[in-house]
Structures are given as structure tokens and as C-alpha cells.
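Have a look at the structure below, then the notes.
The values are calculated or read from the model by the stated rules, or taken from the named source; none is laboratory data. Keep in mind that this is a model prediction, so the values were computed, not measured. Reconstructed Cβ throughout: ideal geometry from the backbone, glycine too, with neighbour counts over all protein chains shown.
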Amino acid sequence: MPEGRVFPVWRGIGASSGGGGGWSQGWGQCLRWESDSPGEGARIPVFDYPVWLVFCRRGRARLREVCQRGRGAIRLPTDMLSIKLPQLFDIHQVPKVFREENIISGYRHPRSSALDCVLSSFQMNNETINIWTHFLPTWYFLWRFCVLCSTLNFLTDSYTWPLLVYMLLICIYPFTSSCAHTFSTMSAESRHICYFFDYGALSLYSLGCAISYGYYVMPDCWVNSLLHQHFVPIAIGNTLFCTSMSCYSRFLEVQFPQRSKVLRTAAFVVPFIFDTVPLVYRIIVCCGESCTPSDGLSNHCYHLLFAFLTCFLFTAHLPERLAPGRFDYFGHSHQLFHVSAVVGTHFQMEGVIADMSSRRAWLTAHGAMPSFLGTMGALVVSLVLNLGVIGIFSAPLLWKPSRSPNQSHATTCECKKH
Ligand SMILES: [Zn+2]
């Protein structure tokens with residue numbers, strides 16, 4: 001197979017580098033550096049054989065002999081020793097839609113293939129930590145979910161269904177976010193669609209919070225109130241508002257960055273405030289037994305602290321705003337935002353589980369038992385509606401007339417010129 005077909009998007013990328021060399025086509029671009037000056041090549045130490053053989057007596061000569069005999073079999077490992085990962089770009093070398101505020105370097109190619117994107121998660125670039133700070137917590141939440149599956153009866157005990165929905169959604173949102181960060185550099189359109197799914201998963205997570213709070217966290221005096229009875233249907237409406245607003249905000253990002261930021265922040269803050277009102281009332285105003293100090297309440301307080309920190313990091317763009325370019329790879333606000341969100345979710349999960357166990361007797365005696373329709377049914381309805389919203393916002397991007405080969409070449413050249 002011709003090399004260009006394997007990684008067509010890497011064609012011609014390397015000419016932009018200022019190091020005096022160039023990347024060869026296809027796989028060669030990630031495997032081997034070709035020097036421009038003939039004399040320079042000799043100075044670059046490239047091992048054609050395993051390092052340990054250099055130290056063996058006549059090791060190199062023996063290896064050469066083996067290589068000549070079975071070239072095809074032995075070339076793969078020797079080539080792998082000289083693997084070089086795809087080139088990264090600075091902010092002025094990528095189109096505006098890919099640029100992040102105050103992140104100057106470490107950008108991946110804006111037309112990477114799916115495989116490039118997966119490989120790039122093992123290469124240090126400005127998205128790597130974003131990917132892993134949500135991929136690893138996915139496994140942590142999955143592990144907690146599996147432990148709960150072995151101790152609770154999710155199949156027949158309807159009291160546990162709100163927790164089941166919540167656990168499903170706290171596994172899904174970090175995984176979706178991790179995928180969005182991984183595949184966001186395939187094209188401008190795919191970047192938007194990836195983040196549409198990310199926002200959709202986050203708004204579904206807000207529904208998971210509403211369902212679990214509605215059944216386990218609600219203060220005693222609000223149980224069976226009008227708000228309690230309509231808590232989940234309103235939360236479904238909130239997910240639609242959240243997904244629509246956040247998806248729409250992407251279309252304003254390049255032209256009106258401030259307006260886009262305000263819209264997106266509002267999109268996530270509104271469902272958060274709605275979900276949290278009963279908890280805050282329970283903590284501050286206090287009524288009945290539900291506000292006596294407990295493990296559940298202290299975990300909820302930690303969650304609220306981290307939720308405020310998450311919101312602050314999302315809007316403030318600190319610390320990279322103070323030193324643009326210094327936190328491109330480690331420590332920029334989006335990475336801290338991911339970590340803070342995950343730690344907050346951990347405390348929230350502990351709080352929900354603690355409330356669920358400690359308030360079981362009171363809630364089953366005074367409140368209505370969770371129904372299948374009010375828990376799994378609400379999740380399925382909200383999922384379908386939110387997928388519909390994502391479909392509506394994605395359709396114009398997917399139906400856009402595909403670029404002609406000349407146009408696509410021009411995009412690649414844009415990277416070369418700068
Ligand atoms: Zn993110």
C-alpha cells in the first residue's frame with residue numbers, strides 16, 4: 001500500500017519545521033528524520049539494532065549478518081527503535097477554530113486521521129493531559145460502579161435505580177470528554193461535533209444529579225412538594241437547554257469569543273443551580289432530620305467547593321493567562337478544570353451513596369418509591385432528545401459540500417507556510 005494512503009494528512013507537514021530537515025511521506029514521517037544536508041545525517045545517532053547488541057563482542061557484525069538473511073522479519077523492530085511522533089504546531093500555524101486562549105504551542109495537525117489522534121494521546125501535546133485526566137477517572141468510576149453492582153440489587157430493588165442512572169452517567173461523561181479531546185483535531189467540523197457530544201454527556205450528567213438528588217438528597221420538608229414532584233421533568237428540560245446553548249455557543253466562538261464563553265458557562269450553570277438548590281436549602285436552612293451533620297452532608301459540601309473551583313477554572317483561564325505559553329503542556333486551566341470536576345464528582349458520588357443508605361428508612365416511609373419511568377425512562381427520553389439536538393447542530397456541518405482536493409491541499413499548505 002502506498003504510504004500516502006496510510007496517513008494522507010501528514011503529506012507535506014514537515015516543510016514548516018525550522019530545524020533544517022524534513023519529514024518523508026506517510027509512515028516515514030513518523031519513523032525517520034531526513035536531514036537536508038548530507039553531512040549532518042552522520043552526526044545523528046540512529047540505532048539500526050538493539051542497544052544491548054552494541055556491547056556484545058562482534059554484536060554489530062552478527063546483527064548485520066542476521067539482518068541480511070531475514071530482512072523482512074528483522075526490519076520491524078529495528079525501525080521501531082527510530083520511531084518519531086508526529087510534528088506539533090504553534091498557535092499561528094493552526095486555523096483559528098483550533099486555537100485555545102493563551103496556549104501557544106503543542107497543537108496537533110488540524111487534519112489528523114483517527115489513528116493519528118489515538119497515537120497522539122501517547123505523545124506529549126497540549127491535549128494529552130486533557131485526554132488522560134478524564135480517561136483514567138472513567139475507569140475509577142467504572143470500578144466503583146462494579147463494586148456497587150456486587151453489593152446492591154440494581155435489577156429488582158427500585159430504591160437503587162436513581163443511583164444506577166447516576167453511576168451510568170458519571171462513567172459516560174468523562175469517557176465522552178476524553179474521546180472528544182482525542183478526536184477533536186480530525187477537522188474543524190469533527191471538532192465541533194466531538195464537543196457537541198461532550199456537552200451532551202455533561203448535560204445528561206446534570207440529569208443524573210437531578211434524579212439522584214430528587215430521590216436521596218431532597219430535604220425532609222420538601223419531600224412530596226410541588227418542586228419534588230416536577231424535579232425530574234424540569235431537569236430533562238434543563239438538559240435540552242444546556243445542550244442547545246452550549247452547542248450554539250461553538251458557532252460564536254471565533255467571531256464573538258466573549259459572548260460564546262458567557263453562553264456556554266450559563267448553559268452549564270443553570271442546571272447546576274437547579275440541581276443544587278435542594279441541597280443548599282438542606283445545608284443552610286435546615287429542616288427535619290436531613291440536616292444533622294453526617295458523612296453525606298460533609299461530602300456534599302466538599303463537592304460544592306470543587307464545583308465552584310471547577311467553574312472558576314473554566315472561566316478564569318488561570319494560570320496560563322498570567323504566563324501565556326508556559327503552561328501549554330502541564331498545568332493549564334482546562335487540565336485543572338478536568339481534575340477539579342472529577343474530584344468534585346467523587347465527593348458528590350460519596351455523598352449520594354451515603355444519603356441513599358442512611359435515609360432509606362425515612363424516605364421509603366414518607367416519599368414515593370422511584371419508578372422505572374422516573375429514572376431509566378427519564379434517562380432514555382433525555383438521551384434521545386439530546387441526541388436529536390446534537391443531530392440538528394451537526395447536520396449543517398456534515399452536509400457542508402466536501403472540500404475539493406485543491407482546497408484541502410490549501411489547508412495543509414497553511415500549516416507549511418507559517
Ligand atoms: Zn475538557
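List of remarks:
- Total residues in the stretch 332-342, condition within 14 Å of Y173 (Cβ to Cβ) and among the β-branched types (V, I, T): 1
- Subset of the stretch 185-195 (residues that are within 13 Å of the ligand (Cβ to nearest atom) and in contact (Cβ under 8 Å) with a residue 60 or more places away in the chain): R191
- Against the numbered list (1) within 16 Å of the ligand (Cβ to nearest atom); (2) surrounded by 17 or more Cβ atoms within 10 Å (Cβ to Cβ); (3) in a loop (DSSP other than H, G, I, E, B), A341 comes up short only at (3).
- From the options M369, M356, residue that is touching a Leu at 6+ places or on another chain (Cβ under 6 Å), under 30 Å from V223 (Cβ atoms) and more than 16 Å from the ligand (Cβ to nearest atom): M356
- Hey, S212 more than 16 Å from the ligand (Cβ to nearest atom), in the same structural domain as F274 (by TED's automatic domain parsing) and free of Cβ contacts under 8 Å to residues at least 40 places away in the same chain or not: no
- Tally of residues being hydroxyl-bearing (S, T, Y) and more than 14 Å from the ligand (Cβ to nearest atom) across the stretch 108-150: 5
- Checking W362 against (1) more than 16 Å from the ligand (Cβ to nearest atom); (2) modelled with pLDDT under 95; (3) crowded, with 19+ Cβ neighbours inside 10 Å; (4) among the hydrophobic types (A, V, I, L, M, F, W, C), the condition it does not meet: (3)
- Check on N224, on the phi > 0 side of the Ramachandran plot and away from the ligand (no atom under 16 Å from the Cβ): yes
- Residue in the stretch 222-239 that is of a type in the set (A, V, I, L, M), in a loop (DSSP other than H, G, I, E, B), under 24 Å from M369 (Cβ atoms) and in contact (Cβ under 8 Å) with a residue 60 or more places away in the chain present: yes
- Residue in the stretch 316-326 that is part of a helix (DSSP H, G or I), within 24 Å of the chain's Cα centre (by Cα) and either within 16 Å of the ligand (Cβ to nearest atom) or at pLDDT 90 or above (or both) present: yes
- From the list P219, P137, the one residue that fits, being farther than 21 Å from V389 by Cα and more than 23 Å from the chain's Cα centre (by Cα), is P219.
- For the stretch 245-268, filtered to residues that are aliphatic (A, V, I, L, M) and surrounded by 15 or more Cβ atoms within 10 Å (Cβ to Cβ), the residue that is farthest from Y215 (Cα to Cα) is L252.
- Residue list for the stretch 196-231, restricted to those being among the aliphatic types (A, V, I, L, M) and closer than 30 Å to E253 by Cβ: A201, L202, L204, L207, A210
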